[in-house]
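The values are calculated or read from the model by the stated rules, or taken from the named source; none is laboratory data. Note that this is a predicted model, so its numbers are computed, not measured. Don't worry about glycine lacking a Cβ; one is built from the backbone with ideal geometry, like all the others, and counts go over all protein chains shown.
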Amino acid sequence: MRDRPGSILGDLATEAVNPETAAIDSLNALGIVRLMNEQDARIAKAVRAELPSIARAVEGIATRLRAGGHLIYVGAGTSGRLGVLDAAECPPTFGTDPSLVQAVIAGGERALTHAIEELEDRPEEGRRALAAIGLTPRDAVVGIAASGRTPFVIGALEYARETGALTVAVTCNRGSTLASRAEIAIEPVVGPEVIAGSTRLKAGTAEKMVLNMLSTGAMVLLGKTYGNLMVDLRASNAKLRDRAVRIVAAVTGLPPEEAARQLADAGGDAKTAIVAVLAGVTPEEARRRLHAVEGRVREALS
């Protein structure tokens, strides 16, 4: 087996046997992690090659969200769990409503902690899952599948396209069925995995990097940051409340105690506190200015 690099599942790059890691079981711990690190170092280059497509997707997603739509990730297994993770991080990071960025995973919540592979093979389940959340033409759907051929995700993307939603495919194989069903295809080809077919490794890392860019890029375009500060964060615990105070202090130059007071006067909203202090207006006027420019701090100040 070690001397015959090839594919364990057709001609998919993600399923090929990696000749560079064929002797991994003969290495000590340091050798194993060094080999994995060398393979992982290639992921960013693969993602970089897809930046034009990623940028198109970011712009399209932001346009849909601005018009009142939603961003919906669809996946199965590792890919589905990555979508759930990215969606779950948006409310605390960007202060979004939980419904703004959603995730659909084959098998539902149980699939987050258990392997439920059989549902991956049913395209009708993908269609049904999107129909159940009331998909509309204003939405953006991102189908995630390392292989690019997961029936659940393909069915969901086909339904999304029929509905008129923006469709984006994220896969780690070139020219896949999933990509053919999408308006925008993002295909970082990371090559064979360290452990043949274990796409939670390089492919999963590449998918995570792409999803980071899609959600973060869209939120920046929507004015969810000021500079590189997440001024729309939802201060739902002590750590985030402290971060909100530090953000207000950093932007306004106020000492932490005064920044905390300004934040409290603004109802805990960092954007309002920043505009109120820097523009020399009341929190009510700051809120009015922010509303007029769809929450973009830089424009509210100018």
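Consider only pairs whose beta carbons are under 8 Å apart and that are at least six residues apart or on different chains; among these, list those whose first residue lies in the range 225-240 and is surrounded by fewer than 18 Cβ atoms within 10 Å (Cβ to Cβ) and whose second residue is outside any strand (DSSP E or B) and charged (D, E, K, R).
These pairs meet every condition: 240/234.
List pairs: first in the range 253-278 and assigned to a loop (DSSP other than H, G, I, E, B), second of a type in the set (Lys, Arg), Cβ under 8 Å, 6+ apart or cross-chain?
That search, which allows pairs on different chains as well, returns 268/241; 269/287.
Among the numbered conditions (1) closer than 14 Å to residue 231 by Cα; (2) modelled with pLDDT under 95, tell me where residue 302 comes up short.
For residue 302, the exception is condition (1).
Look at the range 98-115 and say how many of its residues are over 19 Å from the mean Cα position of the chain (by Cα) and buried (at least 17 other Cβ atoms within 10 Å of the Cβ).
1
So which residues in the range 272-296 are surrounded by 17 or more Cβ atoms within 10 Å (Cβ to Cβ) and either modelled with pLDDT of 95 or more or more than 21 Å from residue 218 (Cβ to Cβ) (or both), if there are any at all?
Result: 272, 273, 274, 275, 276, 277, 283, 286, 287, 289, 290.
Conditions tested, residue by residue: (1) free of Cβ contacts under 8 Å to residues at least 12 places away in the same chain; (2) surrounded by fewer than 24 Cβ atoms within 10 Å (Cβ to Cβ); (3) farther than 23 Å from residue 108 by Cα.
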| residue | (1), (2), (3) |
| --- | --- |
| 143 | no, no, no |
| 148 | no, no, no |
| 153 | no, no, no |
| 157 | no, no, no |
| 160 | no, no, no |
| 165 | no, yes, no |
| 171 | no, no, no |
| 180 | yes, yes, yes |
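Quick check on this structure: which one of 54, 43 is hydrophobic (A, V, I, L, M, F, W, C) and either touching a Ser or Thr at 6+ places or on another chain (Cβ under 6 Å) or farther than 23 Å from residue 166 by Cβ (or both)? Break it down stepwise before answering.
Working: 54 fails: either touching a Ser or Thr at 6+ places or on another chain (Cβ under 6 Å) or farther than 23 Å from residue 166 by Cβ (or both).
It is 43.
Among the listed residues 111, 129, 87, 156, identify the single one that is farther than 26 Å from residue 201 by Cβ and touching a strand residue (DSSP E or B) at 6+ places or on another chain (Cβ under 6 Å). Spell out how you get there, then give the answer.
Working: 111 fails: farther than 26 Å from residue 201 by Cβ; 87 fails: farther than 26 Å from residue 201 by Cβ; 156 fails: farther than 26 Å from residue 201 by Cβ.
Exactly one of 111, 129, 87, 156 is farther than 26 Å from residue 201 by Cβ and touching a strand residue (DSSP E or B) at 6+ places or on another chain (Cβ under 6 Å), namely 129.
Scan the range 19-34 and give yes if some residue there is basic (Lys, Arg), farther than 27 Å from residue 227 by Cβ and modelled with pLDDT of 95 or more, otherwise no.
In the first step, residues of the range 19-34 are kept if they are basic (Lys, Arg); the result is 34.
Pick out the ones that are also farther than 27 Å from residue 227 by Cβ and you get 34.
Going one step further and asking which of them are modelled with pLDDT of 95 or more, we end up with 34.
Yes, some residue in the range 19-34 is basic (Lys, Arg), farther than 27 Å from residue 227 by Cβ and modelled with pLDDT of 95 or more.
Results for (1) among the acidic types (Asp, Glu); (2) within 22 Å of residue 236 (Cα to Cα), shown as yes or no for each residue.
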| position | (1), (2) |
| --- | --- |
| 260 | no, yes |
| 264 | no, yes |
| 274 | no, yes |
| 280 | no, no |
| 284 | yes, no |
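Note down all Cβ pairs under 8 Å where the first residue falls in the range 17-38 and is in contact (Cβ under 8 Å) with a residue 60 or more places away in the chain, the second is hydroxyl-bearing (Ser, Thr, Tyr) and surrounded by 11 or more Cβ atoms within 10 Å (Cβ to Cβ), and they're at least six residues apart or on different chains.
17/7; 35/21
Among the numbered conditions (1) in a helix (DSSP H, G or I); (2) touching a residue at least 40 places away in the same chain (Cβ under 8 Å); (3) farther than 18 Å from residue 104 by Cα, tell me where residue 208 comes up short.
(3)
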